[in-house]
1. Suppose R0 equals 22 Å. What FRET efficiency, 1/(1 + (r/R0)^6) with r the Cβ-Cβ distance, do Ala352 and Leu518 give to the nearest 0.05?
2. Rounding to the nearest 20 debye, state how big the charge dipole of the stretch 422-497 is about its Cα centre with +1 on each Lys and Arg Cβ and -1 on each Asp and Glu Cβ.
3. Along each of the three principal axes of the Cα atoms of the stretch 245-335, give the extent in whole Å, ordering the values from largest to smallest.
4. Less than 26 Å apart at the alpha-carbon level, and either on another chain or at least 8 residues along: which lysines does that give for Lys519?
5. Using only Cα atoms, tell me the angle between helix 222-234 and the longest principal axis of the chain; keep it within 0 to 90° and round to the nearest 10.
6. Normalised by the residues of the chain, what does the relative contact order come to in percent, with Cα pairs under 8 Å and at least six apart?
7. Measure off, as a whole percent, the carbon and sulfur share of the 1.4 Å-probe accessible area of the stretch 49-107, all protein chains present.
8. Return the carbon/sulfur percentage of the accessible area of the stretch 391-447, one whole number, probe 1.4 Å, all protein chains in place.
Amino acid sequence: MSNTLSHWLKKNSLVLLVAIIGVTPTYANNSKAAIATAHPLATEAGFEILAKGGNAFDAAVAVSAALAVVEPTSSGLGGGGFWLLHRAKDKFETMIDGREKAPLAAFKDMYLDKSSLEGALSAAIPGMPAAIVHLASNYGRLPLKESIAPAIRYASEGFVIGDRHVRLLKEKSDVIKKNPAAASIFLNNGQLPTKGSILKQPDLAKTLQQIANHGKAGFYQGNVAKKLIDGVRQMGGIWTQQDLDNYQIVERTPIYSYYKDIKVTSAALPSSGGILLAEILNILSAYDLSSLNRIQRTHLIVEAMRRAHRDRALYLGDSDFVNPPVSRLLSLDYAAGLRTSIRMDKALPSDALDGNGTMQTKGADTSHFSIIDNEGNRVAATLSINYIFGAKVVVKDTGIVLNNEMDDFVTHLGEANGYGLVGGVANTIAPEKRMLSSMTPTFLENTDHIGVLGTPDGSRITSMILLAILDFSEGHSPDSWVKLTRFHHQYRPDEILHEPNSFSETEKEELKKLGHKLKNRGYRYGNMQAVELIKSTSELKAASDPRGEGFSDVR
Ligand code: DON
């Protein structure tokens, strides 16, 4: 054997082992399915479609469309997302990239004196309608009409609004009031609705019906398109019919990484999620975290997060436009290089690494759901209109809340975006470019377990998934992943962001002694939705984050 080959085999023996055992299906068909979503009615829509003979992909269409109606704060037809798929019969895996694209008239400095957070100018061209049509026609078994039907019913008959909807609406009601179309749907004569009242969205029902009848053309062409273009332009936006004509989803190969005996399948660019996870896991794979105390473990995880996030800021952007060094970032040698600067006794200040930037973090919203069906098909999907109620404007007569995803671009070089994320030229605005995302729908697989998971919350998403992966590696189940206390480091700002109950006072002192700065976010964050299949017994488990109002079940 040549030296190079034997060296490679030595270094990658674990990877090979996982590749051999991890991807070989050893499980019988499970007779049930598991669904976890951020809203009980979206979960019901998924099960309704499975009961009609649909597979996980049909259920994903139903859930995505239902969330657009029952969780309008978080995702919708006016937004986009990533749908990670695993098809059981041939093990095919893909990521449907339904991320929004910058309009043709967009340019690098367009937000120097304008808001990238509020109003129609902050909205990119939506990808969600194209993605669900693609999902239904290429992977589903049922007609789109059937899978969208529950969403249309929720929109036309109305649904009972919960605490979360009212709370988020209250946070944004001042801005919503300024947009008559949004106010007429979400407020009652300018007043906040109360929990338990019914929200009907007849215009949204009509738009959904157009998509059900005409597929992609029901949104990107014809009447709906005309209303969107006219409405957006009246509100100061720059969309044209050509933007809508040009919108295409892209199927992308997921990012694969390996940690211990776990194969991790996750989001590809334009999401930074899979690459970040791979870098962090590669760095951590040289340590035996279970032998360390909580402080040492947290310290190492934070140091790995810091380095990976620096690379996010420096290199990552839409790979259709720029050429990030993905294979380098994913390589074990690169991780080994990063590891050499990690000390057990001291945090490395982010200032000692290249790059610059400032910080701020704001409240935000998005939605994730996870599905495994009775054939073993899987979907992990994270959908977004970006911040709570996106751009906070609705296009008249369509029921569509516009996204403010343009803020995920670097709008001011060297300055932080709404999530405090800094970035470089790789993520600056260009016509038809997709903005870099943190959404990280993920599959985990080891010899006996398959996990499907994801969560909202902007730049904090990847670190929540990371903590769940480490928990999975210790043999824990979805109900544990979703409950874990959370912490996060994103290189800039140079601080560990954490939930109020993540660390004891003594632990905080110990972390500070190592040189870490800590910032209590003041509330518990994220809204993880996760399912798991145990291959040897075909048992399914499902869990929704206790921080949200999600609902998960196995039926
Ligand atoms: O794509 C992204 O990274 C963001 N637009 C996701 C926003 C988000 O998760 C907000 N969540 N609460």
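The values are calculated or read from the model by the stated rules, or taken from the named source; none is laboratory data. Fair warning: this is a prediction, and the values are worked out from it, not measured in the lab. For neighbour counting, all protein chains shown are included, and Cβ atoms are generated from backbone atoms with ideal geometry for every residue, glycine included. SASA here: full protein model, heavy atoms, side chains in, ligands and nucleic acids out. Shrake-Rupley method; radii C 1.70, N 1.55, O 1.52, S 1.80 Å.
1. 0.70
2. Details: 6 positive and 9 negative charges, 75 e Å.
Here the size comes out at about 360 debye.
3. 55, 27, 22
4. Answer for Lys519, where 26 Å is the Cα cut-off: Lys170, Lys172, Lys346, Lys362, Lys483, Lys508, listed by chain and number.
5. 80
6. Values: 1344 pairs, mean separation 129.5, N = 555.
The value is 23 percent.
7. Numbers: 660 of 1110 Å².
Within the stretch 49-107, the accessible surface is 59 percent carbon and sulfur.
8. On the way: 560 of 1140 Å².
The C+S portion of the solvent-accessible surface of the stretch 391-447 is 50 percent.
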